[in-house]
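What follows is a short report on a single structure.
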Amino acid sequence: MRRREALLSLLGATALPATTATAQDLSPETVRQMMRTLAGLDPLPGEEAGVRAFLLSYRYLHPSDPGVEPASTFDPRPKR
Amino acid sequence: MSRELLLRPLRELSRLLDLREISSEELVRATIERTDAIEKDLNSYITFLPERALEEARARDRERSSGAARGLLHGIPVSLKDVFDTAGIASTAGARFLAGRVPTADAEVTRRLARAGAVLMGKSNLNKFAGGESGENPDYGDIKNPWNTSYSPSGSSGGSAAQVAAGMAALSMGSDNGGSVRNPACVCGVVGLKPTHGLVSTDGMFPRAYSVDHAGTLTRTVEDAAVALEALANGDYTSALDRPVKGLKIGIAKNVTRLGEPEVLRVFDSVVKKLAELGFELVNVEVPTPEEMMPAMYTVFFCEWGVAHEPWMRTHPEEYDGGARAALLIPAADYLKAQQERRLFQNRYAQALARVDLLVSPTYPMVRREHRRLPVAAGRRLTLDDALRYTMPYDLMGLPAISLTGGFAHPDAPVGFQLAGGAFQEAKVLQAAHAYQSATDWHERHPAI
């Protein structure tokens, strides 16, 4: 199970899709739950949009970003 | 005292002090007058300390008169980016909510400069928390480029670079975790040195991301950078400056050096040609691309930022906009994997540096950087990743790198290039940079302000 799916499962935020989840799974409510549950943060009004953008832009929740390996699936072998 | 004198290299000011042609008090007083005249246009200081500086200068003059001058920095006006703790003086990291933070002890960098006899003029403006390269600060205002105040001096050590370029300090200390010393040095037409990670102590430096945080110098010449490094790191960095460079090998990674505005690439090509004329042997090498390295960099950077800033992220959440608090959501497994990948990148850099003495690249892919607006190059608007593509790898690798001016895109737009070397090879980096600077006169141009 991918870490991202494990997180969602942990949160009980959504039923996991059969295929790899996508950015749509990161709803504002999911992000708020992640902030509360995983970091103990009380989200500020509207903050989830920035957090969501951060999570997507730094590629560790979005495996379909072309040309960039998401950090959550780092391959420790040198790239050719 | 003339503006021209304030723009002379630190080494020359030191000689004039030693010869008693000027006193430290005169030098500092002239620096204060110049700062008073142009600071309103630059916004380069968070805390300016004229009375304290004059007192220090008088004390340094008394010491010199009694034969107790401490070295080349004795009586020289310097500034510190406001990330270095200063006992009894507010140290804000560019955040107004920290304006009441008055350390009881100096940072190690502050201590070493004081021990060398330098005179502290003030604490320089920066990107808030030393984050970003925009030269913007929502709490203390935008910093302006002395070459053209319509533009940014870049960042995050923008105030430091502006001050050195404008003759408001002969040396300023900056910090660099993605390019924050070298990028502002590049667009302000000065020299920015980021030493090997750990060579200059970061004790008492406001943390951003500890494994990529570096303290670095901004000076008007390469020789001045070597002089400053000797005070900061206790090594010998000046005696090798004039050694012959013929036969030294410089690697060019053509797979990563071709992104930038056309003027940047034009200047870079001319730099490479000049290096060849000077006797360096240019060798093609391959290094990891910034695109490969960015995910690991950002994972390491933000995870460590979250750790360092967690208390404030909880007590002052409104200070961290743009989703920055997501740093606290990065799993430990991702951080550890990023560190694994970092080690592999280091191996690949080591392989490249086994074939050559140094690596050369542009420093910053743009000229005339506007606040809140990156330029277009190669048909698209440049991004933060682009802005850091040449400098960030040496933070992640921890290797020494220097930026110095290689030409001008316009009369008010200096363009720098970067030389980097193996770990603790600062002497060689400085030697090569000094050879280039001695053969050119770009460093003798100064902003009209």
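Throughout, read-outs are computed from the coordinates displayed, never taken from laboratory work. The model shown is predicted, which means the values in this text are computed figures rather than measured ones. Methodologically, a virtual Cβ is constructed for each residue, glycine included, from the backbone with ideal geometry; neighbour enumeration extends over all protein chains shown.
Solvent-free Debye calculation, one equal scatterer per alpha-carbon of the protein assembly as shown: log10 I(q)/I(0) at 0.06, 0.11 Å⁻¹ equals -0.28, -0.92.
Sort B:CYS188, B:CYS303 by Cβ crowding within 10 Å, fewest neighbours at the top. Walk me through the numbers on the way to the answer.
On the way: B:CYS188 30, B:CYS303 24.
Lowest to highest Cβ neighbour count: B:CYS303, B:CYS188.
When the Kirkwood radius is taken over all Cα pairs of the range B:33-187, what Stokes-Einstein diffusion coefficient follows at 20 °C and 1.002 mPa s, in µm²/s?
Values: Rh = 15.4 Å.
Reported coefficient: 140 µm²/s.
If the Kirkwood radius is taken over C-alpha pairs of the range B:289-427, then at 10 °C and 1.306 mPa s the Stokes-Einstein diffusion coefficient equals 92 µm²/s.
Here each label is just a point 7 Å from Cα along the line to Cβ, and for B:GLN339 and B:LEU259 those points are 2.8 nm apart. Once you order the gyration tensor axes a ≥ b ≥ c over the Cα atoms, which shape class does the range B:1-123 get: rounded for a/c under 1.5, otherwise prolate or oblate by comparing a/b with b/c? Verdict is oblate for the range B:1-123. When every Cα-Cα distance of the range B:13-80 is counted in 10 angstrom steps from zero, the calculated P(r) takes the values 21, 50, 23, 5 percent.
Rounded to the nearest 0.05, the FRET efficiency derived from the C-beta distance between A:GLU29 and B:ASP139 at R0 = 51 Å is 0.95. What separates the Cα centres of the range B:179-224 and the range B:42-77 is a distance of 22 Å.
How big is the charge dipole of the range B:387-449 about its Cα centre, in debye rounded to the nearest 20, if each Lys and Arg gets +1 on its Cβ and each Asp and Glu gets -1 on its Cβ? All intermediate terms of the calculation are to be shown ahead of the outcome.
Details: 3 positive and 5 negative charges, 30 e Å.
The dipole magnitude comes to about 140 debye.
Working out 0.36 nm times the residue gap between B:ARG20 and B:SER270, then minus their Cα-Cα distance, what length gain in nm do you get to one decimal?
Values: separation 250, 0.36 × 250 = 90.00 nm, distance 4.10 nm.
Contour length minus Cα-Cα distance gives 85.9 nm.
Relative to the compact-globule estimate of 2.2 N^0.38 Å, the Cα radius of gyration of the range B:129-252 comes out at 1.09.
Based on Cβ point charges of +1 for Lys and Arg and -1 for Asp and Glu, what charge dipole magnitude is obtained for the range B:127-220 about its Cα centre, in debye rounded to the nearest 20? Each step should come with its number before you reach the end.
Numbers: 6 positive and 7 negative charges, 45 e Å.
With Lys and Arg at +1 and Asp and Glu at -1, about 220 debye.
With only Lys, Arg, Asp and Glu charged, each at its Cβ (+1 for the first two, -1 for the last two), find how big the charge dipole of the protein assembly as shown is about the Cα centre; round to the nearest 20 debye. List each step's numbers first, then the result.
Details: 61 positive and 64 negative charges, 171 e Å.
My answer is approximately 820 debye.
Between B:ASN347 and B:VAL376, the simple spin-label model (points 7 angstrom out along Cα→Cβ) gives 4.3 nm. Largest first and in whole Å, the equivalent-ellipsoid semi-axes of the range B:202-351 read 35, 22, 16, each the square root of five times a Cα gyration tensor eigenvalue.
Using a Förster distance of 25 angstrom, determine the FRET efficiency expected from the C-beta separation of B:GLU277 and B:ARG355, and round it to 0.05. Once the sixth-power term is evaluated, E becomes 0.70.
Pairwise inverse Cα distances across chain B, averaged and inverted, put the Kirkwood hydrodynamic radius at 21.5 Å. With a Förster radius of 51 Å applied to the C-beta separation of B:LEU384 and B:ASP441, the computed FRET efficiency comes to 0.95. Using a cutoff of 8 angstrom between alpha carbon atoms and counting only pairs six or more residues apart, the relative contact order for chain B works out to 17 percent. Taking a straight line from the alpha carbon of B:LYS246, these lysines sit under 21 Å away, with near neighbours fewer than eight places off in the same chain left out: B:LYS273, B:LYS274, B:LYS428.
Projecting the Cα positions of B:GLY407, B:TYR390, B:PRO375 onto the charge dipole of the range B:364-411 (unit charges on Cβ atoms of Lys, Arg, Asp and Glu, taken about the Cα centre) puts B:PRO375 furthest along the positive direction. With one equal scatterer per alpha carbon and no solvent term, the Debye-computed log10 I(q)/I(0) for the range B:383-449 at 0.15, 0.16, 0.23 1/Å reads -0.58, -0.65, -1.03.
Cross-link reach is defined here as a Cα-Cα straight distance under 20 Å, omitting same-chain residues fewer than 8 places apart; for B:LYS40 the lysines meeting it are B:LYS81, B:LYS123, B:LYS128, B:LYS144.
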